[in-house]
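These notes concern the structure reproduced below.
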Amino acid sequence: MTGTHNAPGGEPGAQRDQLGGGSTITVPNTGQGRRLRAVPENVTAGDITALRAELQVTALGIDDWPAYGSPAWLRLTPKDPRAYAAILEAAERHRRAEAETQRLDTLMNEDPVTWWREITADANAYAARQGHAIAARRTAEEVRIARDKATHREPHQLRATPGWPPIAVPGHPGRYLTQGQEISA
């Protein structure tokens, strides 16, 4: 059923359409084509903005453009459609980043546990992928013990080997260890 009253926020002559289970604003047919339907209520302004930006870039008929603010973009003439496409892309990226920041700020205020889980999800996934490599590494304590063992060996018993010449005793000039004698170093 179509009502005859003006839709809120609509132009004079715009009507609220109750067809299809939703209430959308329609523009009356002026005889110059088909009736236009507005976007359903559950679509956000950001969704509409993104679609409009994509439509505008598509209408330019270009597939590639330099990044906004890059030296290649600065070399473009103001009338080059690639300059406009780069501006649209930068604006849309900024709008999406701002929307995400606002969404996260709202989530932090309303549900801090879910917010924390969401913002640490990438770090947790990375840690899970790296867990086996991290577990295989030696801890700082293990490294210190290994270094100490390598540089500070326990003294060992000197023993003379049969058939070999006497061994000079370290720290005692002129003393030698011969077969059958044993002393601690």
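For the range 50-74, how many residues are open to solvent by 60 Å² or more (accessible area, probe 1.4 Å), touching a residue at least 24 places away in the same chain (Cβ under 8 Å) and β-branched (V, I, T)?
The number of residues fulfilling the criteria is 0.
Keeping to the range 75-111, report how many residues are open to solvent by less than 50 Å² (accessible area, probe 1.4 Å), part of a helix (DSSP H, G or I) and either free of Cβ contacts under 8 Å to residues at least 12 places away in the same chain or in contact with a Cys (Cβ under 6 Å, 6 or more places away or on another chain) (or both).
Qualifying residue count for the region: 1.
Filter the range 74-105 down to the residues that are within 17 Å of the chain's Cα centre (by Cα) and not charged (D, E, K, R) and list them by number.
H94, A97, A99, T101, L104
Since I119 meets every condition but one in (1) open to solvent by 100 Å² or more (accessible area, probe 1.4 Å); (2) farther than 30 Å from R175 by Cα, which condition does it not meet?
It is condition (1) that I119 fails.
So Q157 fits all but one of (1) in contact with a helix residue (DSSP H, G or I) (Cβ under 7 Å, 6 or more places away or on another chain); (2) under 30 Å from P170 (Cβ atoms); (3) polar (S, T, N, Q); what number is the exception?
The one condition Q157 does not meet is (1).
Between T151, T114, which is open to solvent by 70 Å² or more (accessible area, probe 1.4 Å) and β-branched (V, I, T)?
On inspection, the qualifying residue turns out to be T151.
Can R138 be described as open to solvent by 90 Å² or more (accessible area, probe 1.4 Å) and either hydrophobic (A, V, I, L, M, F, W, C) or not in a helix (DSSP H, G or I) (or both)?
yes
State all residues of the range 142-168 that are in contact (Cβ under 8 Å) with a residue 12 or more places away in the chain and in a strand (DSSP E or B); if no residue qualifies, say none.
If the condition is that a residue be in contact (Cβ under 8 Å) with a residue 12 or more places away in the chain and in a strand (DSSP E or B), then Q157, L158, R159 are the ones that fit.
The values are calculated or read from the model by the stated rules, or taken from the named source; none is laboratory data. The structure presented is a predicted model; accordingly, all values stated were derived computationally and were not measured. Glycine gets a Cβ as well: all are built from the backbone with ideal geometry, and neighbour counts include every protein chain shown. Remember, those area values only see protein heavy atoms, side chains included, never the ligands or the DNA or RNA. Shrake-Rupley method; radii C 1.70, N 1.55, O 1.52, S 1.80 Å.
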